[in-house]
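So the structure is just underneath, and the comments pick up after that.
Just so it is clear, none of the values below were taken in a lab; they were calculated from the coordinates. If you're wondering where the values come from, they're calculated on a predicted model, not measured in any experiment. Note: ideal-geometry Cβ built from the backbone for every residue, glycine included; neighbour counts use all protein chains shown.
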Amino acid sequence: MTWRAEHDGYTRGREPATHRRTVRLNRKAGELEFHDEVLSPTSHACRLVFHLGPQVSAVLDGSTALLSWLDRTAVLELPMNLVWTAHRGEEEPPFGWYSDGFGRRTPTTTLVGTGRSGGRNTASLVTLLRFDS
């Protein structure tokens, strides 16, 4: 199963850029694959963010995150051409929070990848989520 979406929300005050994401589900292999592209004639700073649920524990090692929750585990292989950081319950800037209602928040993990894309740097940023059986 495959689906694709794109938007051009990065056009204010600079060269136009389109973000395109293609997602493929491989049920037999237990994998979910994301392909992100920034299409632009010039290079742009970019940031790719994955917000994890409050029950998900994440250990980031370079561009690999080991995920666990309840009785499940998974590996998230992140694009190696970005620099990855993990944030949990941070105030400035506010990263790593989940809110199930107004005025309530629970610390959770947000994975942030930064780098450049577009222009000559246009390449598919590939993320693979592999569930353990």
Cβ density ranking, 10 Å radius, fewest first, applied to Glu91, Glu31 yields Glu91, Glu31
Per the rule of 0.36 nm per residue minus the C-alpha distance, extending Phe102 to Thr2 adds in nm 32.5 nm
Mind checking the log10 I(q)/I(0) for the chain at q = 0.13, 0.19, 0.21 Å⁻¹? Debye, one equal scatterer per Cα, no solvent, two decimals.
-> -0.64, -1.19, -1.29
Between Leu70 and Ser124, the FRET efficiency computed from the C-beta separation at R0 = 30 Å comes out, to the nearest 0.05, as 0.40
Can you list which of the chymotrypsin sites (Phe, Trp or Tyr not before Pro) found in segment 72-119 are DSSP loop residues with at most 13 other C-beta atoms within 10 Å?
-> Phe102
